[in-house]
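For reference, the structure discussed in these notes is given below.
The values are calculated or read from the model by the stated rules, or taken from the named source; none is laboratory data. Source: prediction; values computed, not measured. Glycine also receives a Cβ, built like all others from the backbone with ideal geometry; neighbour counts cover every protein chain displayed.
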Amino acid sequence: MCEQAATLRWQLARASNVANQRRDQGRSDGDIDLIGVKAEMAVAKVFDIDYNPFQLGVDSGKDLWLGDISIDVKATFHGDGRLLFKTRDAFKADCAVLVCVNDPEILDVVGCITKKTFRKECQEGDLGHGVCVYVGQESLQALPDLWLAFTERRLKFND
């Protein structure tokens, strides 16, 4: 299912004349789209979010919603990888979640960070594929922190 959705995303983006922004020239568009779909599905499973990998549209920077909290899922092929954005302004969601793919079938949902915290703690640099802004895994919060924020907001709205 992930492979089909990734292929469909790639085809839709190219047919819509959405420019390829891939910086990692060692991987194909299909590789990048596939890791993205798998990462989104993993985060959706962790937080029990309804997820349809075939939901189409241009990437707005908000991949999933946990109640009213928007999430941008970021994936890396490196177990010790960093959570990165091209620019500070590219972080559009309320928070981001990092997923490391150590093996094509094993995904590690590492942690999360709010946009506010990311902007305070991020560094700018070239990690080998052009200048970007990033944080290391040590800057990420544990996943239960996101679940707690969601639960507190949900209960507050229900009062």
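Overview of values
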quantity: Residues located in the stretch 119-133, provided they are closer than 14 Å to residue 91 by Cβ, free of Cβ contacts under 8 Å to residues at least 12 places away in the same chain and touching a strand residue (DSSP E or B) at 6+ places or on another chain (Cβ under 7 Å); calculated: 124
quantity: Count - residues of the stretch 125-159 that are acidic (Asp, Glu) and within 18 Å of the chain's Cα centre (by Cα); calculated: 2
quantity: Residue in the stretch 67-75 that is over 14 Å from the mean Cα position of the chain (by Cα), under 23 Å from residue 147 (Cβ atoms) and of a type outside the set (A, V, I, L, M, F, W, C) present; calculated: yes
quantity: Of residues in the stretch 129-155 being among the charged types (D, E, K, R) and loosely packed, with under 13 Cβ neighbours inside 10 Å, the one modelled with the lowest pLDDT; calculated: 152
quantity: Matching residues, the stretch 94-111, being within 18 Å of residue 35 (Cβ to Cβ) and either in contact with a Leu (Cβ under 8 Å, 6 or more places away or on another chain) or touching a residue at least 12 places away in the same chain (Cβ under 8 Å) (or both); calculated: 96, 97, 98, 99, 100, 101, 102, 107, 108, 109, 110, 111
quantity: Unmet requirement for residue 46, which otherwise passes all of (1) at pLDDT 90 or above; (2) under 12 Å from the mean Cα position of the chain (by Cα); (3) in a helix (DSSP H, G or I); calculated: (2)
quantity: Per-region count, the stretch 87-126, residues within 19 Å of residue 31 (Cα to Cα) and in a loop (DSSP other than H, G, I, E, B); calculated: 2
quantity: Residues satisfying the stated conditions in the stretch 74-86, i.e. small (Gly, Ala, Ser) and in a loop (DSSP other than H, G, I, E, B); calculated: 79, 81
quantity: Given (1) touching a strand residue (DSSP E or B) at 6+ places or on another chain (Cβ under 8 Å); (2) touching a residue at least 60 places away in the same chain (Cβ under 8 Å); (3) within 27 Å of residue 6 (Cα to Cα), number of the condition residue 74 does not satisfy; calculated: (2)
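To keep it simple, each residue is scored yes or no on (1) surrounded by fewer than 17 Cβ atoms within 10 Å (Cβ to Cβ); (2) modelled with pLDDT under 95.
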| site | (1), (2) |
| --- | --- |
| 83 | no, no |
| 99 | no, no |
| 109 | no, no |
| 123 | yes, no |
| 157 | yes, yes |
